[in-house]
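Below is one structure, written out as structure tokens; comments come after it.
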Amino acid sequence: MLRVGVVTLFPEMFDLYSDWGISARAVDRKLVHLSVFNPRDHARDTHRSVDDRPYGGGPGMVMMFEPVRASIREARQALPGARVHLLTPQGRRLAQADIQSLARLESLVLLAGRYEGLDERLIEAEVDEEWSIGDYVLSGGELACLVLLDAMTRLLPGALGDGESAQAESFMDGLLDYPHYTRPETVDGRRVPEVLLSGNHGAIRRWRLKQALGRTWQRRPDLLEQRPLSAEETGLLEEFIKEHTAAQS
Ligand code: 6GU
């Protein structure tokens, strides 16, 4: 079982993880256990402050050293050996390969940054890794934590149904998905591609692989540069490109 501790000022946001969808099912199946730690429980003053004005002035508030460290230490005690991962726009951008590595761990602590940031000494003293989920700014690390948790959870053995999990490690890894269709066969004059109705599983597999390769070539050529292609894949992509350029002229 994967054990995750989350240090956050907004524990209720993680009900989204525990109460809904595939993650809730993974919790029920005891594939993962989530415990939440709130720095406010370690605030010292009567106002239970967890943030303060930045030295040097300027806008915003900074998360205070003492209550956050106390909360991280509480999490570390509950999860011996766990490393602490801070979610912050300053972190390394998370990729699927990182998610795979993290999902294989026994335990980890996630720290959701809020406000303008954490006291830098906290990062020096307690944080092992810093991660970002993309080049845009969220108002806090909680949603980024939830994104990371969701992506990790669907990789845990037994988290997805049989049909679902086959796709997680399929030959189309590293490519964009192929198009999907369900009934009816015609909607507003738009037909389902004929091959999908053919019952020819080999032809269907090749069509899907070709679509996945073609879409990746059109929309995310950067992904193709990172992924070696088999002889079959090279041939299918060449066909797609030929048809695509023929359709253009
Ligand atoms: Cl991890 N945190 C925040 N606040 N914003 C982000 C992010 C994280 N990743 C992308 N934007």
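Table for the structure above
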{"item": "Residue satisfying condition, being near the ligand (Cβ under 10 Å from one of its atoms) and either farther than 21 Å from P39 by Cβ or crowded, with 16+ Cβ neighbours inside 10 Å (or both), within set E142, E126, E106", "result": "E142"}
{"item": "Qualifying residue in the range 90-106 (condition: within 16 Å of P11 (Cβ to Cβ), in contact with a strand residue (DSSP E or B) (Cβ under 7 Å, 6 or more places away or on another chain) and not charged (D, E, K, R))", "result": "no"}
{"item": "Enumeration of residues in the range 109-123 that are among the acidic types (D, E) and either surrounded by 16 or more Cβ atoms within 10 Å (Cβ to Cβ) or within 8 Å of the ligand (Cβ to nearest atom) (or both)", "result": "D119"}
{"item": "The one condition in (1) on the phi < 0 side of the Ramachandran plot; (2) open to solvent by 60 Å² or more (accessible area, probe 1.4 Å) that D188 fails to fulfil", "result": "(1)"}
{"item": "Helices (runs of 4 or more DSSP H) contained entirely in the range 145-225, each with at least 1 residues that are closer than 30 Å to R3 by Cβ", "result": "162-168"}
{"item": "Only one of S71, S101 that is polar (S, T, N, Q), in the same structural domain as T8 (by TED's automatic domain parsing) and open to solvent by less than 40 Å² (accessible area, probe 1.4 Å)", "result": "S71"}
{"item": "Where G158 falls short, out of the listed (1) open to solvent by 40 Å² or more (accessible area, probe 1.4 Å); (2) assigned by TED's automatic domain parsing to the domain that holds L86; (3) touching a Leu at 6+ places or on another chain (Cβ under 6 Å)", "result": "(2)"}
{"item": "Failed item in (1) without any contact (Cβ under 8 Å) to a residue 60 or more places away in the chain; (2) open to solvent by less than 90 Å² (accessible area, probe 1.4 Å); (3) touching a helix residue (DSSP H, G or I) at 6+ places or on another chain (Cβ under 9 Å), with L87 passing the rest", "result": "(1)"}
{"item": "Residues of the range 7-52 that turn out to be farther than 20 Å from E74 by Cβ and surrounded by 21 or more Cβ atoms within 10 Å (Cβ to Cβ), as a count", "result": "2"}
{"item": "Filter result (in contact (Cβ under 8 Å) with a residue 40 or more places away in the chain and either open to solvent by less than 30 Å² (accessible area, probe 1.4 Å) or of a type in the set (A, V, I, L, M) (or both)) within the range 208-223", "result": "A212, T216, L223"}
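The values are calculated or read from the model by the stated rules, or taken from the named source; none is laboratory data. Quantities reported herein were computed from a predicted structural model and do not represent experimental measurements. Backbone-built Cβ (ideal geometry, glycine too); neighbour counts: all protein chains shown. When the accessible area is computed, the model is the full protein with side chains, heavy atoms only, and any ligands, DNA or RNA have been set aside. Shrake-Rupley method; radii C 1.70, N 1.55, O 1.52, S 1.80 Å.
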